[in-house]
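Trainee: Could you have a look at this structure, given as structure tokens, before my questions?
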Amino acid sequence: MKTLIKNKNDQESIKTTADTLKNGGIVIIPTDTVYGFSGIVDLKNAASNFETDAKIRTIKGRAETKPLIQLIAKPEDIHLYTDDALPAELLSKWPGALTIIVHIKKDSPLAATAIPESGTVAFRCPGDEWLRKIITECGAPIFSTSVNRSGQPVLDTADAISSEFKNEVDLIINDGDKKGALPSTLVMLENGKVKVLRQGSVEV
């Protein structure tokens, strides 16, 4: 596989990334936190989602077991996929580096992507406008997980990412180094209260 590498500030970067995702490609793109592996979430074909998930896990390493989060374009889109009552104060932090674990509607096209034991999926509406435009262009959420081999530190320089994963993904978008970037804050609702599972760059 020959990996296409483009700069984020390239005027065609949004279209190129969205087109690659819509064609089933795996991309490495900058997010509002660290660089992430991404693939499109298919709202019609559950089997396609399993295939995309497997592609990303294979690149990261077979030992990878962490659930992939899903990025959405607008805060209100979360209500398309869950009936959980989410506090307005929590949703007010979107767009931003906050990941919220919710229960998926049983009739949702994303139900097959949920963790079987809990029926949950983690969502984030990213703070990066460039990234939200890509998701809007895709017309569906996109999977996201940090760029690293399973069990290894997250890669935070463009050169290291290119060196490690060139020819394993379809596209890499270069946005420079992200040294010291914090991950998103990860929360879930427990008995109606917000439980912080990981404190990141957003205070909850």
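The values are calculated or read from the model by the stated rules, or taken from the named source; none is laboratory data. All of these numbers come straight from a predicted model, not from anything done at the bench. With ideal geometry, Cβ positions are generated from the backbone for all residues, glycine too; neighbour counts draw on all protein chains shown. Ligands, DNA and RNA are stripped out before the accessible areas are found, and what is left, the full protein with its side chains, is counted by its heavy atoms. Shrake-Rupley method; radii C 1.70, N 1.55, O 1.52, S 1.80 Å.
Trainee: Tell me, yes or no, whether segment 95-111 has at least one residue that is more than 21 Å from A73 (Cα to Cα), open to solvent by 20 Å² or more (accessible area, probe 1.4 Å) and either within 17 Å of the chain's Cα centre (by Cα) or modelled with pLDDT of 95 or more (or both).
Mentor: No, segment 95-111 contains no residue that is more than 21 Å from A73 (Cα to Cα), open to solvent by 20 Å² or more (accessible area, probe 1.4 Å) and either within 17 Å of the chain's Cα centre (by Cα) or modelled with pLDDT of 95 or more (or both).
Trainee: Could you list all residues from segment 146-161 that are open to solvent by less than 70 Å² (accessible area, probe 1.4 Å) and small (G, A, S)?
Mentor: Matches in segment 146-161: S146, S150, A158, A160.
Trainee: Next question, about the same structure. If you scan segment 162-204, which residues turn out to be under 17 Å from the mean Cα position of the chain (by Cα) and either open to solvent by 80 Å² or more (accessible area, probe 1.4 Å) or of a type in the set (V, I, T) (or both)?
Mentor: V169, I172, I173, L182, T185, V187, R198, V202
Trainee: Which pairs do you get when a residue that is assigned to a helix (DSSP H, G or I), found in segment 126-138, comes within reach of a residue that is among the polar types (S, T, N, Q), reach meaning Cβ atoms under 7 angstrom, with the pair 6+ apart or on two chains?
Mentor: If the second residue must be among the polar types (S, T, N, Q), the pairs left are L131/T31; I134/T17.
Listed here are the residues, each with its yes/no results for (1) closer than 24 Å to I26 by Cβ; (2) of a type in the set (A, V, I, L, M, F, W, C).
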| position | (1), (2) |
| --- | --- |
| K106 | no, no |
| E117 | no, no |
| P126 | yes, no |
| S162 | yes, no |
| P183 | yes, no |
| V196 | no, yes |
| Q199 | no, no |
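Trainee: Does any residue in segment 145-162 that is farther than 17 Å from G61 by Cα come within less than 9 Å, Cβ to Cβ, of a residue that is in a loop (DSSP other than H, G, I, E, B) and of a type in the set (G, A, S) six or more places away or on a different chain, and which pairs are these?
Mentor: Between residues of segment 145-162 that are farther than 17 Å from G61 by Cα and residues that are in a loop (DSSP other than H, G, I, E, B) and of a type in the set (G, A, S), the close pairs are D156/G180; D156/A181; T157/G176; A158/G176.
Trainee: Say we look at segment 33-51 and pick out the residues that are in contact with a strand residue (DSSP E or B) (Cβ under 8 Å, 6 or more places away or on another chain) and in a loop (DSSP other than H, G, I, E, B); which of these is surrounded by the fewest Cβ atoms within 10 Å (Cβ to Cβ)?
Mentor: Residue satisfying both the conditions and the ranking: V34.
Trainee: Look through segment 56-90, keep the residues that are of a type in the set (K, R) and open to solvent by 80 Å² or more (accessible area, probe 1.4 Å), and return whichever of them is modelled with the highest pLDDT.
Mentor: For segment 56-90, the residue satisfying everything is K74.
Trainee: So, in segment 33-51, of the ones that are of a type in the set (S, T, Y) and at pLDDT 95 or above, which residue ends up nearest to T16 (Cα to Cα)?
Mentor: S38
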